[in-house]
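Presented below is the structure to which this report refers.
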Amino acid sequence: MKMKRLFGVIAVLCLTAVMLLAFTGCNGGDKSSINIQGNWKLALNETEITFRETQTYKPIIESMDSKLEFASDGKVRISGNVGDNKVDSEGTWTLDGEKLTITDSSGALGSSGTLTYTYKDNRFVSDTQKHICLVRA
């Protein structure tokens, strides 16, 4: 009888340890490890829109041929096309946890001022236009 009880206690302890490890791993990872530096581009966030909207927006996003180069000094260079106009602009960026803020006074990203994005599934999703995101180029 003592052996069964000892086995039960060991099994409960092992199960508890496994569950603790599993729940600790479910916090989404260390957000401070997000590396924004390098080349990114605007993309369509197809998980947030309907098929019909995808058909409408996809050609527009692809025609922009956008490129965002995030430097380690907090500067971002934005280039691409908006209609028949070529865009080549600079701005600044900050990353606070999973929140990316781009200050772009030229309006190269479609709005003059400050834009915010939230990191989700290896992309930064626009906080104001959920169908737009930034992905690695």
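Since every read-out is calculated from the coordinates, none of them should be taken as a lab result. Computed from a predicted structure; not experimentally measured.
Determine the shape class of the stretch 35-136: with a ≥ b ≥ c the square roots of the Cα gyration tensor eigenvalues, call it rounded for a/c under 1.5, and otherwise prolate if a/b is greater than b/c, oblate otherwise.
Since a/c reaches 1.5 but b/c is at least a/b, the shape of the stretch 35-136 is classed as oblate.
Can you return the aspartates and glutamates within cross-link range of Lys67? Criterion is Cα-Cα under 12 Å, with same-chain partners fewer than 8 residues away left out.
The qualifying aspartates and glutamates are Asp88, Glu90.
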